[in-house]
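Trainee: I am attaching a structure below and will ask some questions about it afterwards.
The values are calculated or read from the model by the stated rules, or taken from the named source; none is laboratory data. Computed from a prediction, not measured in an experiment: that's the story for all the values here. All Cβ positions, even for glycine, are placed from backbone atoms using ideal geometry, and neighbour counts span all protein chains on display. Calculation scope for accessible area: heavy atoms of the full protein, side chains included, ligands and nucleic acids excluded. Shrake-Rupley method; radii C 1.70, N 1.55, O 1.52, S 1.80 Å.
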Amino acid sequence: MNSNNVKNIPKMAVHIGGGLTIKNPVMAASGTFGYGEEYAPYYDINRVGAVIVKGVSLEPRAGNPPPRIMETPCGMLNAIGLENPGVKIFIKEKLPFLRQYTTAVIVNVFGETLDEYKRVVEIVSQTEGVHGLEINISCPNVKKGGIVFGTDPDMAYEITKEVKSATDLPVLVKLTPNVTDICVIAESVQAAGADAISLINTLTGMSVDIEQRIPHLANITGGLSGPAIKPIALRMVWQVAKKVTVPVIGVGGITSARDAMEFLMVGARAVQVGTAHFINPHAAVDIVDGMEKYFMEHNIRDVNEFIGTLHEGR
Ligand SMILES: Cc1cc2nc3c(=O)[nH]c(=O)nc-3n(C[C@H](O)[C@H](O)[C@H](O)COP(=O)(O)O)c2cc1C
């Protein structure tokens with residue numbers, strides 16, 4: 001690369017809330033990138049902005065019985081059931097691997113009760129090498145009849161408040177799209193102190209085997225992800241970015257730099273790449289490269305100049 005090209009390399013760092021700046025706006029989405037180790041043979045993890053690890057809970061969880069995955073047109077249904085080794089084993093056996101990189105490590109946390117979320121957050125917050133937390137509120141509150149935390153504005157508020165009181169780390173709250181008005185929930189978590197909002201998690205769906213007359217998934221329903229959900233995710237990010245002042249992080253069906261740039265244009269400060277990893281393990285890095293190339297071709301010197309630049313009028 002000659003000195004001219006070096007001069008033209010755009011600035012890619014973005015601030016994603018709570019004092020956390022990441023080197024570029026592309027992160028690996030929770031549950032689709034394991035704990036990083038699985039992808040290390042394919043490329044240098046230092047090239048992505050952040051790795052969001054698979055969700056961790058207080059105790060180990062075996063997840064749901066198989067079949068837990070089903071391909072759908074332009075996407076997939078999963079009912080993994082948040083299988084994970086529990087926070088203590090995560091810290092002891094998984095986190096050390098990620099500490100060797102300069103990429104931000106964001107720990108995705110979930111629980112069945114407010115207390116469980118809080119306990120996991122406290123434990124993770126006392127650990128070195130964690131740069132932020134992402135709180136998955138798409139889980140049923142077993143103490144409130146199984147209502148999903150993120151579908152009720154009061155519960156979403158309460159859980160955000162509790163988590164914030166238990167940590168000094170930046171807190172990203174990840175919203176479920178399975179609601180009537182995503183803006184109400186977004187405003188609620190912002191009011192409770194969320195440093196950033198990630199959206200969307202998967203959309204609940206199902207699929208049936210008509211020969212056997214049974215659902216394809218043992219859990220009957222599962223979460224739909226992949227390109228099929230991108231227009232919905234994009235619409236929700238656009239809506240939420242207009243309503244809140246904290247950074248919004250877009251996720252849902254992103255497979256290319258162009259997809260990612262659509263999210264940035266409607267107001268996302270950063271994006272996450274999920275299901276695309278199962279088709280192309282290099283997806284996140286290819287997206288970083290593609291964005292840089294586009295910015296250079298269009299003489300955009302800093303990604304922050306590009307964010308939120310959608311013209312809504314014709
Ligand atoms: C197999 C699988 C496991 C997932 N596990 C988690 C998880 O542990 N925590 C979480 O917040 N989201 C989880 N997600 C949701 C993704 O992080 C992402 O929000 C969603 O898949 C939409 O993005 P995509 O279409 O790019 O995959 C999972 C998704 C998939 C496909």
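Trainee: How far apart, in nanometres, would the label points at THR113 and HIS15 be if each is projected 7 angstrom from Cα along the Cα-to-Cβ direction?
Mentor: Label-label distance for THR113 and HIS15, simple model: 3.9 nm.
Trainee: Related question: Please report the antiparallel percentage of the DSSP beta bridges confined to the chain, to the nearest 5.
Mentor: Numbers: 18 of 45 bridges.
Antiparallel: roughly 40 percent of the beta bridges in the chain.
Trainee: Helix 230-243: angle to the longest alpha-carbon principal axis of the chain, degrees 0 to 90, nearest 10?
Mentor: 80
Trainee: Related question: Under a plain spin-label model, where a point goes 7 Å from the Cα along Cα-to-Cβ, how far apart in nm are PHE97 and HIS298?
Mentor: Between PHE97 and HIS298, the label points sit 3.6 nm apart.
Trainee: Build a GNM of the chain with springs between Cα atoms under 10 Å: which of LYS144, LYS293, LYS94 gets the top mean-square fluctuation?
Mentor: LYS144
Trainee: Return the FRET efficiency for the residue pair MET265, ILE147: r is the Cβ-Cβ distance, R0 is 45 Å, and the value is rounded to the nearest 0.05. It would help to have the intermediate numbers written out before the result.
Mentor: Numbers: r = 35 Å, r/R0 = 0.77.
That pair, MET265 with ILE147, gives E of 0.85.
Trainee: So what's the Cα pair-distance distribution over region 3-305, bin width 20 Å, in %?
Mentor: The calculated distribution, bin by bin, is 35, 59, 6, 0.
Trainee: Given Cα pairs under 8 Å that are at least 6 residues apart, what percent is the relative contact order of region 178-224? The partial results should precede the final answer.
Mentor: On the way: 33 pairs, mean separation 14.1, N = 47.
RCO, region 178-224: 30 percent.
Trainee: OK, next. Quote to one decimal, in nm, the extra length available between ILE220 and GLU305 on full extension: 0.36 nm per residue of separation minus the C-alpha distance between them. Each step should come with its number before you reach the end.
Mentor: Working: separation 85, 0.36 × 85 = 30.60 nm, distance 4.47 nm.
Answer, rounded to one decimal: 26.1 nm.
Trainee: Go through ARG47, ARG213 and list them by solvent-accessible area, largest first, probe radius 1.4 Å.
Mentor: On the way: ARG47 95, ARG213 205 Å².
Listed by decreasing accessible area, they come as ARG213, ARG47.
Trainee: Helix 153-165 versus the longest principal axis of the chain: what angle, 0 to 90°, nearest 10, using Cα atoms?
Mentor: 70
Trainee: Mind checking the per residue accessible area of the chain for me, 1.4 Å probe, whole number of Å²? Don't jump to the answer; show the numbers that get you there.
Mentor: Details: 14140 Å² over 314 residues.
Solvent-accessible surface per residue comes out at 45 Å².
Trainee: Can you give me the C-alpha center-to-center distance between region 172-205 and region 84-155, rounded to a whole angstrom?
Mentor: Cα centroid to Cα centroid, the span is 16 Å.
Trainee: How would you order 276-283, 29-36 from highest to lowest mean count of nearby Cβ atoms within 10 Å?
Mentor: So the order, starting with the most tightly packed, is 29-36, 276-283.
Trainee: Lys and Arg at +1, Asp and Glu at -1: add these up for the other residues within a Cβ distance under 15 Å of CYS139 and post the number.
Mentor: Working: positive: LYS54, ARG61, LYS118, ARG119, LYS143, LYS144, LYS174; negative: GLU59, GLU83, GLU112, ASP115, GLU116, GLU134, ASP152, GLU158, GLU162.
Residues close to CYS139 contribute a combined charge of -2.
Trainee: Here is a further query. Working out 0.36 nm times the residue gap between ASN280 and SER165, then minus their Cα-Cα distance, what length gain in nm do you get to one decimal?
Mentor: Numbers: separation 115, 0.36 × 115 = 41.40 nm, distance 3.89 nm.
Here the segment from ASN280 to SER165 would lengthen by 37.5 nm.
Trainee: Right, another one. Take the cross-link list LYS23/LYS54; LYS88/LYS243; LYS92/LYS161 and give me the ones stretching past 32 Å between alpha-carbons.
Mentor: Working: LYS23/LYS54 21 Å; LYS88/LYS243 37 Å; LYS92/LYS161 28 Å.
Going by Cα-Cα distance, LYS88/LYS243 fall outside the 32 Å limit.
Trainee: Just want to confirm a number: the relative contact order over the chain, from Cα pairs under 8 angstrom separated by 6+ residues, in percent. Walk me through the numbers on the way to the answer.
Mentor: Working: 710 pairs, mean separation 63.9, N = 314.
Relative contact order, the chain: 20 percent.
Trainee: Continuing with this model, one more query. Tabulate in residue order the Karplus-calculated ³J(HN,Hα) for region 208-219, using 6.51 cos²θ - 1.76 cosθ + 1.60 with θ = phi - 60°, rounded to whole Hz; enter x for Gly and Pro.
Mentor: So the J values, rounded to whole Hz, are 10, 8, 6, 6, 8, 6, 9, x, 5, 9, 4, 7.
Trainee: So what is the 222 nm mean residue ellipticity for the chain from helices alone, if each DSSP H run of at least 4 adds -39500 (n - 2.57) and you divide by all residues, rounding to the nearest 500 deg cm²/dmol?
Mentor: So the helix-based figure for the chain works out to -8000 deg cm²/dmol.
Trainee: Per the 1.4 Å probe, what fraction of the accessible area of the chain, in percent, lies on carbon and sulfur atoms?
Mentor: 52
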